[in-house]
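**Student:** First the structure, then my questions, so here it is.
Taken together, the values in this text are just the output of simple stated rules run on the coordinates, not laboratory data. Treat the numbers as computed from the prediction; the structure is a model and nothing was measured. Virtual Cβ from ideal backbone geometry, glycine too; neighbours counted across all protein chains shown.
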Amino acid sequence: MGSCTRALLLDASDACLAGRLVAGGETTDPPPEAAQRRVRTYRNQTLPAIQALGERGVLSKVDASGSADQTFAALAAAFATLGV
């Protein structure tokens, strides 16, 4: 993990992430089953890093399950808390 001193995780449920993949409006959007597989792969590949950062006490989670505006506001608040 090197010298990471702060990390922000944009967090949303698996159902929310899969729904966003399917509802993206693109003709190449995956079917629901493929979207669920993508989310599982993402979780499996990122979980070790998320756990390690959490154990080091440098991870802050931001709720990304709301609208884009809500997520941006939550992210801005997290950055302000961190003094960024």
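**Student:** For the chain, which DSSP H helices look membrane-span-like by this rule: Cα extent along the axis of 18 Å or more and mean Kyte-Doolittle of at least 1.0?
**Tutor:** Working: long enough: 32-56 (35 Å, -1.05); 68-82 (21 Å, 1.16).
Span-like helices here: 68-82.
**Student:** Sum -39500 (n - 2.57) across every DSSP H segment of at least 4 residues in the chain, then divide by the residue count to get the 222 nm mean residue ellipticity, nearest 500. List each step's numbers first, then the result.
**Tutor:** Details: 3 runs with 49 residues, N = 84.
That calculation yields -19500 deg cm²/dmol at 222 nm.
**Student:** Check Ala12: other-chain or 5+ apart residues with amide H under 5 Å from its amide H, H built from backbone geometry?
**Tutor:** Hits under the 5 Å cutoff: Ala64.
**Student:** Just how large is the dipole of the chain about the Cα centre, in debye to the nearest 20, putting +1 at every Lys and Arg Cβ and -1 at every Asp and Glu Cβ?
**Tutor:** Working: 8 positive and 8 negative charges, 59 e Å.
Rounded to the nearest 20 debye, it is 280 debye.
**Student:** Measure off 7 Å from each Cα along the Cα-to-Cβ vector at Ala73 and Arg38, then give the distance between these two points in nanometres to one decimal.
**Tutor:** Distance between the two pseudo-spin positions: 2.8 nm.
**Student:** Given the options Leu59, Leu17, Leu47, state which has the largest fluctuation in a GNM of the chain using a 10 Å cut-off (strictly under) for Cα springs.
**Tutor:** Judging by the Gaussian network model, the answer is Leu47.
**Student:** May I ask you to derive the relative contact order of the chain, considering only C-alpha pairs under 8 Å and at least 6 residues apart, and to give it as an integer percent?
**Tutor:** On the way: 66 pairs, mean separation 32.0, N = 84.
The value is 38 percent.
**Student:** Please list the non-local residues whose amide H lies under 5 Å from the amide H of Ser60, H modeled 1.01 Å from N, same-chain partners needing a gap of 5 or more.
**Tutor:** Distant-sequence amide H within range of Ser60: Ala7, Leu8, Leu9.
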